1. Scan region 21-59 for residues that are of a type in the set (Val, Ile, Thr), assigned to a strand (DSSP E or B) and more than 11 Å from the chain's Cα centre (by Cα) and jot them down.
2. In this structure, is residue 4 hydroxyl-bearing (Ser, Thr, Tyr) and crowded, with 18+ Cβ neighbours inside 10 Å?
3. Which of the residues belonging to region 37-93 are at pLDDT 95 or above, small (Gly, Ala, Ser) and out of contact with any Asp or Glu (no Cβ under 9 Å at 6 or more places or on another chain)?
4. Could you tell me which residue of region 7-52 is farthest from residue 78 (Cα to Cα), considering only residues that are surrounded by 15 or more Cβ atoms within 10 Å (Cβ to Cβ) and of a type in the set (Gly, Ala, Ser)?
5. Please state which one of 79, 90 is in a strand (DSSP E or B) and either among the small types (Gly, Ala, Ser) or under 12 Å from the mean Cα position of the chain (by Cα) (or both).
6. Mind checking which residues of region 1-16 are modelled with pLDDT under 95, under 14 Å from residue 84 (Cβ atoms) and not in a loop (DSSP other than H, G, I, E, B)?
7. Within the set of pairs 6+ apart or on separate chains, which have a first residue in region 22-47 that is farther than 16 Å from residue 83 by Cα and of a type in the set (Ser, Thr, Tyr), a second that is in a strand (DSSP E or B) and at pLDDT 95 or above, and C-beta atoms under 7 Å apart?
Amino acid sequence: MNHYELVVIIHPDLDDEAIEQALDRIKVWITDGGGSIDKTDKWGKRHMSYEIQKQNEGIYYLLEISMPPTSVTELERNITILEPVMRHMIVAK
């Protein structure tokens with residue numbers, strides 16, 4: 001198992017329930033891939049350096065995860081098609 005940091009920027013106009021549903025889907029994909037979530041930090045709404053999808057702000061989350069390296073590409077593919085997520089980045093620790 002490798003350790004990763006996953007940063008997710010979620011659309012700021014969503015209500016709390018929609019945000020939680022998006023995070024829950026990401027967490028399910030991690031656990032289904034044989035991984036685990038070590039820590040979740042909500043950074044909150046922040047101003048971005050440039051517009052993404054005509055938005056100047058986004059809701060940032062940092063997830064520290066452990067998962068097999070073979071499952072990371074599948075996780076990235078799933079996050080890419082998740083509509084509430086504006087951007088994401090997975091980095092090996």
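1. First, pick out the residues of region 21-59 that are of a type in the set (Val, Ile, Thr): 26, 28, 30-31, 37, 40, 52, 59.
Cutting the leftovers down to assigned to a strand (DSSP E or B) gives us 37, 40, 52, 59.
The answer is 37, 52.
2. Numbers: hydroxyl-bearing (Ser, Thr, Tyr): yes; crowded, with 18+ Cβ neighbours inside 10 Å: yes.
Against the criterion (hydroxyl-bearing (Ser, Thr, Tyr) and crowded, with 18+ Cβ neighbours inside 10 Å), residue 4 qualifies.
3. Residue satisfying the conditions is 58 alone.
4. Per the criteria, the residue is 35.
5. 90
6. 16
7. As it stands, the answer is 36/65; 36/66; 40/61; 40/63, since those pairs meet every condition given.
The values are calculated or read from the model by the stated rules, or taken from the named source; none is laboratory data. Since this is a predicted model, take the numbers as computed values, not measurements. All Cβ positions, glycine included, derive from the backbone under ideal geometry; neighbour counts span all protein chains shown.
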